Amino acid sequence: MTQTLPRTHEPSVGKPVDRVDGTAKTTGAARFAAEYPYPGLAHAALVHATVSRGRITAIDTTEAAAIPGVITVLTHHNAPALKPPRRFNPLDLSTMASGTSVSYLNTDEVHWDGQPVAVVVAETLTAAREAAALVEVSYTTFASTVDFKAEEPNAEPQKGNLLMSGSAKKGDAEAALAKAPVRIEARFTTPPHHHNAIEPHATTAMWDGDRLTVHDGTQSIDWLRSHLALRFDVPVEGVRVLAPFVGGGFGGKANIWPGTILTVMAARATGRPVRLLLTREDVYRTVGGRTPSTQRVALGARTDGTLTALVHTSVTRTGRVGGNPEQVTSQSKHLYDAENILVRQNVVELDLISNTAMRAPGDSIGTASIDELAYELGMDPIELRMRNEPERNPIDGRRFANRKLREAYRLGAERFGWADRTPEPGSMRDGRWLVGMGVATAFHPAWQFLANVTVRLSVDGSVLVRCGFQEMGMGGATAQAQIAADALGVPVESVRVEYGDSSLPLSPAAGGSMQTASVASSVLTACEKLRRKLARLGRPGDDPAAALARAGVPSLEVSVGSDTRIGRLTGQVRFLSKLIRDQRRWMKAASGAQFCEVRVDPDTGETRVSRWTAAFDVGRVINAKTAVSQLRGGIVMGIGMALSEETLVDPRTGRIMNPGLGEYHVPVHADVPPIDVAYLDEPDPTMPLGLIGVGEVGITGAAAAIANAIHHATGRRIRELPITLDKLL
Amino acid sequence: MRTFSYVSAPDVETALRAVAGEPNAKFLGGGTNLVDLMRENIERPDVVVDISRLPLTEVEELPGGGVRIGALVRNSALAAHPLIRTRYPVLSQAILCGASAQLRNMATVGGNLLQRTRCLYFYDGASACNKREPGSGCAAIGGFTRNHGVLGVSEHCIATHPSDLCVALAALDAEVEVESTRGTRRLPLSEFHRLPGSTPHVETALAPDELITAVELPAPVTERSRYRKVRDRASYAFALVSVAAALDVGDGTVTAVRLALGGVAPKPWRAVEAERVLLGAPATEEAFRTAAEAELAAATGQDGNTFKIELARRTIVATLRDLLSDGSAA
């Protein structure tokens, strides 16, 4: 019989607990990767290739080297050798770490416009940047393929793998489409995007013999650690990566991009600690972004709205030097109960930097087509969705772990006032403004990876949770403190969480909205172990610290998982078998309903979002403040996707022409209306504590909701993002 | 780091002497454009003469109802000035549509006149640009042209002047006062900026040794004026099209009109043709449209900016219509 420790404190899970790092961040005490002072610190600056494919014929560093303060200029002539990156191996996910397959400065070949071709190391940042501007590079250029639109017809079917299925089908969707009494067919395009985290990528690196310390703004200290050990051919045990604070990532800091490698290389070559803080332009040129896409959506339905056919095909791009195909058709496998479904993804490889994950890869865009079909049928778009709301995962009949989309729509519609909408396009006005209301579904799969943790309780009542996870603004440490506090029955203030250091127990990267659930699962297991041990020490009625005091034990520590090589491997195998088992058994996801109101100026086509309500099913919410903030942030990013964001890649040269926040238009405050975020707060029975990650689902469907609202305001269907005003003239 | 000499000028005379005989000297006012361009290696002056302490910071009323604005008056101070807000609302509004509060607190009137284009290819050292490197070609033609011009452009350059403030000044018949060791001269704003022709690197009529000391506005033809800026997001973006307009109507007829366009030309574009058509015409939406079409008849677009011709037409009409209803409501 196990004894139960008394609960002497109010549970903190679900409460709007202030973030534990809030004071450090607002006072400037929080130190980011480019803020670590080292004696003798040198500064690096990058020189980028200005051709998309070619070979360096000459590189003149004379003028650069003559700038006072320049220590060295590294080029392919004098750079230390790098080991090549490894091929993908599902048993070692760190093989996915490298942003590209290029051996930077170990080759005279240029694979994309922006590839670093030299690094200047100098005593000061200004000297480094001035010298970088003086490096003269000559090239022989080769024919290159950089125009996504032109290459679209040459796209090839995407291959699937364990983490990403390629195509999928159920029945014969094309045949059903041909026979359907009501049909719509539409082509959508979306542009490339960049993450634009507030902290540009930065690295500070210091070698001590073969031991390496790296401060890096990364989403994945563990991947980075093993990747650096591999590339620089040193024992992984000697490499330590620290990233206690990361100023946003959104996927852009999940992989390892040239800046990080080259800082470590520069430190190796000069024997000095080296810092590289990328300029915003450097980020655009050396870190991948979201792929553009072209999508065909065709829907067939009976006159009562029952979907008989759903066809969703797409073309996206990867770089010839790397990148994973983005699953832009993924939602079509899960959202609507169509009798026949065809999902196909084709890919083109271009001579551009690899694409990479960006907030909700694959799911972010959502589809607006169901709204078009609703108009075709003369039916309310929510009614049409509810009529086709599936009982089981449409593509393969798996059970949903937890699907509460009906409830989310009901809650959202009520809060937003959907019933006040008159469906006729152009029928609502406010003065001269055309008013439109739109709705779309949010959906993002839930994942869970392996995390190792230790939890220690001390006789003074304090609790220490140690886990090498990442905090890039989401509130991860706060959430884990709340979870541990409740699990041990102690006040949340007595829990300290250590994270962001590769010397801590192994944790998955911050990405895929899976970190909180992954770590929570292990924290809960560890706390349960600790409670069992405590119960053996104390008496019923003791609080945890009293139990230790009574036994004369200063502290008690338990751990979950092992960081040894064997421990990691067994953990990985255990994780993979669970992943495969779970994937067969359940479809787990966060979902929700996005409602928005827009105003369109009938003269100029200017669109302003004036109101937003979103209702989510994200299982149990751990922290009411940080979760809502995450969801709201996703919606803000969705507003940018809908109306203004676009990375301009010149199709003639493959060069990014708007590498900065002046001309890449993220939403400014004036573009963002008050955003009302609601959640059902019902635990998902298959997830630890019933929680589902909230990092990405907020962006999903947001752009589609805006496109639908614009149609409602104007009667115009704009299927090319961003919906800039010229498309509405 | 690149070195340059720095002179902090306590008075106009010192400033003028510091640049005399220095062909590659730059005056530093608020620094909101020059410093950026130096960071981008586009401007590489040998001498930087800091004029931010010069006593050119007054806004003074002139006999006859005009106003004299010192070249170093900060944008935010000018926008908030009671004389400007009451007599020249178009100017106050134009300033507040530009940049951000922080930049407006730094940026000066003289510097605003000398702002350089935001053409993506001008800013990119790897691209051909006749403005940055005369004779190298124009990579913008055939490229991304969303913020490029449709009026007054040439086959050598299609860049636009990015200012909002100058568009209002153009509509208000501003004059620019410039000084050098050779003396003082005045020129109308309409002659201050040059069209690119075959020399897009020559952007103004200012000689290298001349300093802008003031901008003067005559009494307004009417206090009924406004600025309308159309852009890709609600704030902190350059104009796709902007319209500065002043309109006076008597007995349903246009008795006075001033109209200038931004975002569509290499210089703040005074719409003289539209004004000619409007003066004495009935103050109706139809007349506004006819005038706008007359002004835009010569406009030519690229793939990425032809929409601006239609957008400019609509924005002119909407702005005049709003002014008309302002008047009837008053």
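The values are calculated or read from the model by the stated rules, or taken from the named source; none is laboratory data. As the structure is a prediction and not an experimental result, all values here were calculated from the model. Cβ atoms come from the backbone with ideal geometry, glycine included; neighbour counts cover every protein chain shown. With ligands, DNA and RNA removed, areas are computed over all heavy atoms of the protein, side chains included. Shrake-Rupley method; radii C 1.70, N 1.55, O 1.52, S 1.80 Å.
Mean residue ellipticity at 222 nm from the helices of chain B, using -39,500 (n - 2.57) per DSSP H segment of n ≥ 4 over the full residue count, to the nearest 500 deg cm²/dmol? Each step should come with its number before you reach the end.
Values: 13 runs with 102 residues, N = 330.
The helix-only estimate for chain B comes to -8000 deg cm²/dmol at 222 nm.
Within the accessible area of the range A:458-572, what % is carbon and sulfur when the probe is 1.4 Å and the other protein chains stay in place?
Working: 2250 of 4240 Å².
Of all accessible area on the range A:458-572, carbon and sulfur atoms account for 53 percent.
Go through A:R129, B:R53, B:R313 and list them by solvent-accessible area, largest first, probe radius 1.4 Å. Present the calculation step by step, with values, prior to reporting the outcome.
Details: A:R129 90, B:R53 145, B:R313 45 Å².
Per-residue accessible area, sorted high to low, gives B:R53, A:R129, B:R313.
With every protein chain kept in the model, how would you rank A:M472, A:M265 by accessible area, 1.4 Å probe, largest at the top? Spell out each step's value before the answer.
Values: A:M472 35, A:M265 0 Å².
In descending accessible area the options line up as A:M472, A:M265.
If you take the accessible area of A alone, add that of B alone, and subtract the area of the pair, what total do you get in Å², probe 1.4 Å, to the nearest 100?
On the way: alone 27900 and 14420 Å², together 39510 Å².
What A and B bury together is about 2800 Å².
Roughly how far apart, in whole Å, are the Cα centres of the range A:99-176 and the range A:8-83?
Centre-to-centre (Cα) distance: 20 Å.
Give me the accessible area per residue for the protein assembly as shown, probe 1.4 Å, as a whole number in Å². Write down the numbers at each step before the final one.
On the way: 39510 Å² over 1059 residues.
Accessible surface, normalised per residue, equals 37 Å².
Taking just the alpha-carbon atoms of the range B:1-124, what radius of gyration and Dmax come out, in angstrom?
Final numbers for Rg and Dmax: 15.9, 52 Å.
How large are Rg and Dmax for the range A:369-462 when only the alpha carbon atoms are used, in Å?
In order Rg, Dmax, the Cα atoms of the range A:369-462 give 21.4, 68 Å.
Leaving ligands, DNA and RNA out of it, work out the accessible area of A:L278 with a 1.4 Å probe and give it in Å² to the nearest 10.
About 10 Å², ignoring ligands and nucleic acids.
Considering only protein heavy atoms, with the full assembly of protein chains and a 1.4 angstrom probe, order A:M437, A:M386 by accessible area, largest first. Walk me through the numbers before you get to the answer.
On the way: A:M437 10, A:M386 35 Å².
Result, largest first: A:M386, A:M437.
Based on Cβ point charges of +1 for Lys and Arg and -1 for Asp and Glu, what charge dipole magnitude is obtained for the range A:189-270 about its Cα centre, in debye rounded to the nearest 20?
80 debye
Express in nm, to one decimal, how much length is gained between B:T253 and B:S100 on full extension, taking 0.36 nm for each residue of separation and deducting their alpha carbon distance.
Details: separation 153, 0.36 × 153 = 55.08 nm, distance 3.83 nm.
Fully extending the segment from B:T253 to B:S100 adds 51.2 nm.
Indicate the gyration tensor shape class of chain B (rounded, prolate or oblate), computed on the Cα atoms with a ≥ b ≥ c the square roots of the eigenvalues: a/c under 1.5 is rounded; otherwise a/b larger than b/c is prolate and the rest oblate.
On the way: a/c = 2.02, a/b = 1.28, b/c = 1.58.
Note, shape of chain B comes out oblate.
Which one of B:G304, B:V178, B:V47 has its Cα pushed farthest toward the positive end of the charge dipole of chain B, where Lys and Arg give +1 and Asp and Glu give -1 at the Cβ?
Result: B:G304.
Show that you can apply the helix-only estimate: for chain A, add -39,500 (n - 2.57) for every DSSP H stretch of four or more residues, divide by all residues, and state [θ] at 222 nm to the nearest 500.
Numbers: 17 runs with 189 residues, N = 729.
Roughly -8000 deg cm²/dmol at 222 nm, from the helical runs in chain A.
How large is the dipole of the protein assembly as shown about the Cα centre if only Lys and Arg carry +1 and Asp and Glu carry -1, each at its Cβ, rounded to the nearest 20 debye?
Numbers: 114 positive and 116 negative charges, 666 e Å.
Its charge dipole is roughly 3200 debye.
Could you tell me whether the range B:108-263 comes out rounded, prolate or oblate from its Cα gyration tensor? Rule is a ≥ b ≥ c as square roots of the eigenvalues, rounded for a/c under 1.5, then prolate if a/b exceeds b/c, otherwise oblate.
Note, shape of the range B:108-263 comes out oblate.
As an exercise, take the mean of 1/r over every pair of distinct alpha carbons in chain A, invert it, and state the Kirkwood radius in angstroms.
On the way: mean 1/r = 0.0372 Å⁻¹.
Across chain A, the inverse of the average 1/r is 26.9 Å.
Across the range A:560-654, what fraction of all alpha-carbon pairs, as a whole percent, falls in each successive 10 Å bin from zero upward?
Over the range A:560-654, the share of Cα pairs per 10 Å bin runs 11, 23, 23, 23, 15, 4, 1 percent.
Using r as the Cβ-Cβ distance of A:E528 and A:R302, and R0 as 60 Å, what FRET efficiency do you calculate, to the nearest 0.05?
Details: r = 52 Å, r/R0 = 0.86.
Once the sixth-power term is evaluated, E becomes 0.70.
Give me the one-decimal nm value for the distance between modelled label points at A:R574 and A:R87, 7 Å along each residue's Cα-to-Cβ direction.
Once both label points are built, they end up 3.0 nm from each other.
Provide the solvent-accessible area of A:K404, counting protein heavy atoms only and rolling a 1.4 Å probe, rounded to the nearest 10 Å².
Result for A:K404: roughly 40 Å² accessible.
Within the range A:640-729, what whole-number % of the accessible surface is contributed by carbon and sulfur, with the 1.4 Å probe and all protein chains included in the calculation? Before the final figure, lay out each step's value.
Values: 1390 of 2590 Å².
Accessible surface attributable to carbon and sulfur in the range A:640-729 totals 54 percent.
State the extension gain, in nm to one decimal, for the chain segment bounded by A:E123 and A:R536, taking 0.36 nm per residue of separation less the distance between their alpha-carbons. Could the numbers behind the result be given before it?
Details: separation 413, 0.36 × 413 = 148.68 nm, distance 5.98 nm.
Full extension from A:E123 to A:R536 adds 142.7 nm.
Let me cross-check B:V153: its accessible surface, 1.4 Å probe, with only protein heavy atoms counted, in Å² to the nearest 10?
Its heavy atoms expose roughly 40 Å² to the probe.
State the extension gain, in nm to one decimal, for the chain segment bounded by A:D420 and A:E720, taking 0.36 nm per residue of separation less the distance between their alpha-carbons.
Fully extending the segment from A:D420 to A:E720 adds 105.1 nm.
Over chain A, what is the relative contact order in whole percent, taking alpha-carbon pairs under 8 Å and six or more residues apart? Walk me through the intermediate numbers first.
Numbers: 1889 pairs, mean separation 127.3, N = 729.
So the answer I get is 17 percent.
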